[in-house]
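The values are calculated or read from the model by the stated rules, or taken from the named source; none is laboratory data. Just so it is clear, the structure is predicted and the values come from calculations on it, not from any experiment. Because the Cβ atoms are built from the backbone with ideal geometry, glycine has one as well, and the counts that use them run over all protein chains shown.
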Amino acid sequence: MSQLNQPIFVAGHRGMVGSAIVRRLESLGYTNILTCSRTELDLVSQADVNTFFEREKPAQVYLAAAKVGGIHANNEYPADFIYENLMIEANIIGAAHRSGVQQLLFLGSSCIYPKFADQPMREDALLTGVLESTNEPYAVAKIAGIKLCESYNRQCGRDYRSVMPTNLYGPNDNFHPENSHVIPALIRRFHEAVITSASQIVIWGSGTPMREFLHVDDMAAASVHVMNLDKEVYQANTQPMLSHINVGTGVDCTIRELAETIASVTGFKGELVFDKTKPDGTPRKLMDVSRLKSLGWEASVNLNDGLRGAYQWFLDNQDSFRT
């Protein structure tokens, strides 16, 4: 069977990352992409996941499914975040092994790294310090996913890989007014300010913290690239117990610069006011992407173009997520 015709399961295909992976695979000519909605397959149910794998027998698995949320949600529901993410990972990775799946890609998060990790954050910073308290349960679950993949590799000879993305944005992002991350939140606020002819927008913090942002289509391209690396190449560039790979642009910007760019993209002409009484958070969070670059992949979507595309997607779909 041609690789393009082999069954590939994308878990979490309706999310921002999962949907981007499906688009990427389709653009490359893959013809047998397996997807299931939550009503069709409960990923928290071990029995349901086992039945799915026994029936479908995928050749590859992209594990992009996860329970995600902002700081407020992570603080309010820590038990939900650690339990559901642990169950999803354990069920899918375990079922993949039992059904004979040799190739799996697990998608994590940059929050796996210590709160005060050296910048830019290298893969070997994992488990070297205390995690950020607001999302520690989620981060612990993601670290467990990495270690589960590594353990099946070491014990059973599987080829299960992990990629850790920086902050993502793009089509199918969450634009909820309270629970979204910084880019979708600012896009929505600036758009509404333009509609109401607001004279200013107040942004939390000083505007000086630096953050890195990766377009989700680049994340999808990197995921497929890493999945399809020769096993010998992947193993030569990782370690059995330090096997994950960072995915990012290697470039960051200040929150002020981000806000100014979104103002330009949305056409907001008013004043940007930075409320310095509000917390800034970590001064800088930048990924070291030298390992991925050495493996032949670099991001291609610059922030300005990516934000314009994200804003257009918001305009085209805003009726579907009005609150």
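Overview of results
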| quantity | calculated |
| --- | --- |
| Strands (runs of 3 or more DSSP E) contained entirely in the range 94-200, each with at least 2 residues that are closer than 24 Å to residue 258 by Cβ | 159-165, 167-169 |
| Close pairs (7 angstrom Cβ cut-off, 6 or more residues apart or separate chains): touching a residue at least 40 places away in the same chain (Cβ under 8 Å) in the range 181-201, assigned to a helix (DSSP H, G or I) and of a type in the set (Ser, Thr, Tyr) anywhere | 187/266; 187/311; 190/266; 191/266; 194/266 |
| Residue within the range 90-104 that is farther than 25 Å from residue 222 by Cα, modelled with pLDDT of 95 or more and surrounded by fewer than 23 Cβ atoms within 10 Å (Cβ to Cβ) present | yes |
| Complete set of residues in the range 49-90 that are over 19 Å from the mean Cα position of the chain (by Cα), closer than 22 Å to residue 6 by Cα and either of a type in the set (A, V, I, L, M, F, W, C) or in a helix (DSSP H, G or I) (or both) | 49, 50, 51, 52, 53, 54, 55, 56, 59 |
| Qualifying positions in the range 79-114 - charged (D, E, K, R) and more than 26 Å from residue 181 (Cβ to Cβ) | 98 |
| Any chance residue 148 is surrounded by 18 or more Cβ atoms within 10 Å (Cβ to Cβ), touching a Leu at 6+ places or on another chain (Cβ under 7 Å) and among the hydrophobic types (A, V, I, L, M, F, W, C) | no |
| Flag for residue 24 being of a type in the set (Lys, Arg), buried (at least 17 other Cβ atoms within 10 Å of the Cβ) and modelled with pLDDT of 95 or more | yes |
| Qualifying strands (runs of 3 or more DSSP E) (wholly inside the range 207-323; at least 1 residues being over 19 Å from the mean Cα position of the chain (by Cα) and surrounded by 13 or more Cβ atoms within 10 Å (Cβ to Cβ)) | 271-275 |
| Test: residue in the range 176-186 that is closer than 26 Å to residue 81 by Cα and in contact with a Ser or Thr (Cβ under 8 Å, 6 or more places away or on another chain) | yes |
| Number of the exception - residue 124 against (1) under 24 Å from residue 290 (Cα atoms); (2) among the acidic types (Asp, Glu); (3) out of contact with any Leu (no Cβ under 7 Å at 6 or more places or on another chain) | (3) |
| Residues of the range 140-191 satisfying the condition of being small (Gly, Ala, Ser) and at positive phi | 157, 170 |
| Residue list for the range 180-201, restricted to those being farther than 19 Å from residue 267 by Cβ and surrounded by fewer than 16 Cβ atoms within 10 Å (Cβ to Cβ) | none |
| The listed residue being touching an Asp or Glu at 6+ places or on another chain (Cβ under 8 Å) and without any contact (Cβ under 8 Å) to a residue 40 or more places away in the chain, out of 63, 104, 41 | 41 |
| Residues satisfying the stated conditions in the range 192-206, i.e. at positive phi and under 28 Å from the mean Cα position of the chain (by Cα) | 205 |
| Top-ranked residue of the range 40-82 - restricted to ones that are of a type in the set (D, E, K, R) and under 18 Å from residue 112 (Cα atoms), ranked as surrounded by the fewest Cβ atoms within 10 Å (Cβ to Cβ) | 80 |
